[in-house]
Each structure stands twice: as C-alpha cells, then as structure tokens.
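J.: The structure is given below, and queries will be raised subsequently.
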Amino acid sequence: MPRKTDGMFFELHPSPKKGEDGKPLLYARPASNRNVTMKEVDDFCSRYRGMRRGQITIDMETFIEVCRHWLCDGYRIETPLGVFAPKVRLLGEHTDPSKVVGRDVMLTGIKFTPSKQFIKEVRSNFHGFRKKNTTVGNAQMYDKTFMEKALSRSMVAGFTTIRQFQITSGLKYHSAQNYLESLCTGDSPRLRRRKIGTTLHYFLLEKDNP
C-alpha cells in the first residue's frame, strides 16, 4: 500500500482511563507544533487574495478594539468565523444568591464557538490523517522486553541515572524515576541506589551483573 503523503499528522497519547487489557485508552491529537503567524496570513492574502499588504492585520486589530467593549458588557459577537462570548467564573463557594456581589465574579477568558460556515470551509479542504510514529506517552512501560533493553542500554557505565534512563526508555522524568525505584524494592530487588553529589545513581545488584 502506498504511503499517504498528505493530510493532518496526528499522534497518540494515553488517557487516565484504562481499557479491558489494563492499558491506558488512547486519544488522538494534531501532531504539528507549527504556528502560522499573523504576518504569514497577511503576506498570503497580499500575494494570493489581492489584498493590500497589512490590511488584514489592521482589520483584525480594529475588530479586537471594537468588540472588546461589547464583550465587557456581556454581549455575544456573531461573525462568519463563529461566536465570541465572555467567560466568567464565580469565586469561592456560595449557596446564598443574595450574598453574591460583583467582586465575587471574575472574567476568565473569551469563548469561541466556530460557525457552521467556518467548519464547512475547513472540511472542504480536508485530506484525511497521517499517523506520526512517536512513542505513546509511557505505554512502553507495558513492554517488558523493551524496558529490559532500555535498562541494559542505560547501564553502559555500570550504573544509570534518572536522566540517563529517560533517554534510553523515552519515559517522562517521574515515570523513569518510579520505574527505577520499583526495581530497588520488593522481595528480590534488582538495583541499589546511591546518592552521589545531588544525583541518584542506580547500580545493578551483583546477581544481575553479567
């Protein structure tokens, strides 16, 4: 099967919930860390949409300046992009409405709800998905063979550290630390730890040495 060369890259991450096999259920999210700047949008519209350079930036800045007044009064702003509305939150815990005053409420942000038109336009240019082959969170912890090899690779100097084990295992810092700590305890510990300076070093016990 030919490899897909277009579409949105996505990556998988583990969720707090677990499936029937005891492993975390996965969820997908866009993999791109690329941000398109306002200048890039402005340049594109100038080159390919016949707009005067800088015009769309001026329009956006004017939109913000005008709409901020309505949003501060609690209005919803309806646009072809969608609806903008203020988000508020009640501070503290209250049960008596008569005791709530203005200073008990704060503005927490602006809510945006995309319009059907905007969603339709995005979908009309959509080309599907492409999976980005990255490690899924800490899912590798469930692969015993992988973890054994990762531990072995991290022991090239006769010991390992949390940072060193992070590199070979791909685990996040606290997960790498918890894994190494788990090997230092129990009825048959495999590692012993020793603090040298400010860094914890983990050594294989003699019975595990080749």
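J.: Any idea which residue in region 1-27 is modelled with the highest pLDDT, counting only those that are within 22 Å of SER124 (Cβ to Cβ) and either exposed (fewer than 12 other Cβ atoms within 10 Å of the Cβ) or touching a helix residue (DSSP H, G or I) at 6+ places or on another chain (Cβ under 7 Å) (or both)? So that I can check it myself, show each step before the final result.
T.: So the first thing to find is which residues in region 1-27 are within 22 Å of SER124 (Cβ to Cβ), and the list is 4-10.
Going one step further and asking which of them are either exposed (fewer than 12 other Cβ atoms within 10 Å of the Cβ) or touching a helix residue (DSSP H, G or I) at 6+ places or on another chain (Cβ under 7 Å) (or both), we end up with 4-6.
Values: LYS4: 63, THR5: 71, ASP6: 81.
Ranking the candidates gives ASP6 first.
J.: Quick check on region 67-108: of everything there that is in contact with a Pro (Cβ under 8 Å, 6 or more places away or on another chain) and part of a helix (DSSP H, G or I), which residue is farthest from VAL122 (Cα to Cα)?
T.: CYS72
J.: Mind counting the residues in region 169-200 that are assigned to a loop (DSSP other than H, G, I, E, B) and either of a type in the set (Asp, Glu) or at positive phi (or both)? Even if it seems obvious, please write down each step before you answer.
T.: Our first condition is that a residue be assigned to a loop (DSSP other than H, G, I, E, B); within region 169-200, this holds for 170-172, 183-190, 197-198.
Within this subset, residues satisfying the condition of being either of a type in the set (Asp, Glu) or at positive phi (or both) are 170, 186-187, 197.
The qualifying residues number 4.
J.: Return the only residue of ARG153, ARG130 being surrounded by 10 or more Cβ atoms within 10 Å (Cβ to Cβ), at pLDDT below 95 and assigned to a strand (DSSP E or B). Give the derivation first.
T.: Values: ARG153 fails: assigned to a strand (DSSP E or B).
Among ARG153, ARG130, only ARG130 is surrounded by 10 or more Cβ atoms within 10 Å (Cβ to Cβ), at pLDDT below 95 and assigned to a strand (DSSP E or B).
J.: While we're on this one: Do we find that LYS120 is in a strand (DSSP E or B), modelled with pLDDT of 95 or more, among the basic types (Lys, Arg) and farther than 24 Å from PRO16 by Cβ in this structure?
T.: Values: in a strand (DSSP E or B): no; modelled with pLDDT of 95 or more: yes; among the basic types (Lys, Arg): yes; farther than 24 Å from PRO16 by Cβ: yes.
Spelling it out, it is not the case that LYS120 is in a strand (DSSP E or B), modelled with pLDDT of 95 or more, among the basic types (Lys, Arg) and farther than 24 Å from PRO16 by Cβ.
J.: Can you confirm whether PHE63 is assigned to a strand (DSSP E or B), modelled with pLDDT of 95 or more and either under 28 Å from the mean Cα position of the chain (by Cα) or at negative phi (or both)?
T.: On the way: assigned to a strand (DSSP E or B): no; modelled with pLDDT of 95 or more: yes; either under 28 Å from the mean Cα position of the chain (by Cα) or at negative phi (or both): yes.
Considered against the rule, which asks whether it is assigned to a strand (DSSP E or B), modelled with pLDDT of 95 or more and either under 28 Å from the mean Cα position of the chain (by Cα) or at negative phi (or both), PHE63 comes out as no.
J.: Does HIS94 satisfy the criteria of being loosely packed, with under 10 Cβ neighbours inside 10 Å, farther than 30 Å from GLY128 by Cα and without any contact (Cβ under 8 Å) to a residue 40 or more places away in the chain?
T.: Numbers: loosely packed, with under 10 Cβ neighbours inside 10 Å: no; farther than 30 Å from GLY128 by Cα: yes; without any contact (Cβ under 8 Å) to a residue 40 or more places away in the chain: yes.
Taking the combined requirement at face value, the residue does not satisfy it.
J.: So, in region 29-50, exactly how many residues are at pLDDT 85 or above and either of a type in the set (A, V, I, L, M, F, W, C) or touching a Pro at 6+ places or on another chain (Cβ under 8 Å) (or both)?
T.: So the count comes out to 5.
J.: Now for a different question. Give me a count of the residues in region 8-39 that are hydrophobic (A, V, I, L, M, F, W, C) and without any contact (Cβ under 8 Å) to a residue 12 or more places away in the chain.
T.: So in region 8-39, the residues hydrophobic (A, V, I, L, M, F, W, C) come out as 8-10, 12, 25-26, 28, 31, 36, 38.
Applying the additional criterion that residues be without any contact (Cβ under 8 Å) to a residue 12 or more places away in the chain yields 25, 36.
Result for region 8-39: 2.
J.: Can you tell me which residues in region 35-50 are part of a loop (DSSP other than H, G, I, E, B) and either surrounded by 13 or more Cβ atoms within 10 Å (Cβ to Cβ) or among the hydrophobic types (A, V, I, L, M, F, W, C) (or both)?
T.: Within region 35-50, the first condition is being part of a loop (DSSP other than H, G, I, E, B), and the residues that meet it are 35-37, 49-50.
Result: VAL36, single match.
J.: Being hydroxyl-bearing (Ser, Thr, Tyr) and within 29 Å of the chain's Cα centre (by Cα), is that true of even one residue in region 80-96?
T.: In the first step, residues of region 80-96 are kept if they are hydroxyl-bearing (Ser, Thr, Tyr); the result is 95.
In the following step, the residues that additionally are within 29 Å of the chain's Cα centre (by Cα) were identified as none.
For region 80-96, residues hydroxyl-bearing (Ser, Thr, Tyr) and within 29 Å of the chain's Cα centre (by Cα): absent.
J.: Sticking with this structure for a sec: Looking at the structure I just gave you, is ARG53 surrounded by 11 or more Cβ atoms within 10 Å (Cβ to Cβ), over 24 Å from the mean Cα position of the chain (by Cα) and at pLDDT below 95?
T.: Values: surrounded by 11 or more Cβ atoms within 10 Å (Cβ to Cβ): yes; over 24 Å from the mean Cα position of the chain (by Cα): yes; at pLDDT below 95: yes.
Spelling it out, ARG53 is indeed surrounded by 11 or more Cβ atoms within 10 Å (Cβ to Cβ), over 24 Å from the mean Cα position of the chain (by Cα) and at pLDDT below 95.
J.: Separate question: Can you spot a residue in region 109-117 that is surrounded by 12 or more Cβ atoms within 10 Å (Cβ to Cβ), modelled with pLDDT of 90 or more, assigned to a strand (DSSP E or B) and of a type in the set (A, V, I, L, M)?
T.: yes
The values are calculated or read from the model by the stated rules, or taken from the named source; none is laboratory data. This structure is a prediction, so every number in the text was calculated from the model and none was measured. A quick note on method: Cβ atoms are made from the backbone with ideal geometry, for glycine too, and the neighbour counts reach across all protein chains shown.
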